[in-house]
Amino acid sequence: MSNITKAANATDQIQDHVGVAIDRLQRGFNGRIVNGYGIYSDPSMRRSDLIEAQKAIEAALSIIRSTDWPSNAEYDALDQGSDEAVNSP
């Protein structure tokens with residue numbers, strides 16, 4: 001499997017994790033979450049939302065760090081009709 005294919009798969013996984021993080025933050029911090037005193041009405045849920053978003057972000061970062069991203073030469077080889085791009089050094 002080429003680096004381009006591996007990186008495309010990694011990108012899909014990262015996008016999934018980022019989507020989870022965004023969903024947790026939007027759902028957890030949208031609407032009426034503050035009481036009449038300007039304080040979170042349920043701080044334990046806000047904490048939970050932040051923790052779950054953080055976990056998803058950490059998972060995405062882990063994939064980014066561990067992925068061997070394609071080089072320009074690999075993209076060029078693919079653009080010139082190679083079925084399988086060359087591996088990066």
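At a glance:
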| read-out | value |
| --- | --- |
| Count of the stretch 10-29 residues which are exposed (fewer than 13 other Cβ atoms within 10 Å of the Cβ) and within 30 Å of Asp68 (Cα to Cα) | 3 |
| So Lys6, is it of a type in the set (Lys, Arg) and without any contact (Cβ under 8 Å) to a residue 24 or more places away in the chain | no |
| Among residues of the stretch 47-89, those that are modelled with pLDDT under 95 and of a type in the set (D, E, K, R), counted | 5 |
| Check on Ser44, among the small types (Gly, Ala, Ser), exposed (fewer than 13 other Cβ atoms within 10 Å of the Cβ) and modelled with pLDDT of 95 or more | yes |
| Residues satisfying the stated conditions in the stretch 58-83, i.e. buried (at least 16 other Cβ atoms within 10 Å of the Cβ) and in contact (Cβ under 8 Å) with a residue 40 or more places away in the chain | Ala59, Ala60, Ile63, Thr67, Pro70, Ser71, Glu74, Leu78 |
| Filtered residue count, the stretch 41-70, keeping only those that are within 21 Å of the chain's Cα centre (by Cα) and not in a helix (DSSP H, G or I) | 4 |
| So Arg32, is it exposed (fewer than 15 other Cβ atoms within 10 Å of the Cβ) and part of a helix (DSSP H, G or I) | no |
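The values are calculated or read from the model by the stated rules, or taken from the named source; none is laboratory data. All values derive from a computational prediction rather than experimental measurement. When we count neighbours, we look across all protein chains shown, and the Cβ atoms used for this are built from the backbone with ideal geometry, even at glycine.
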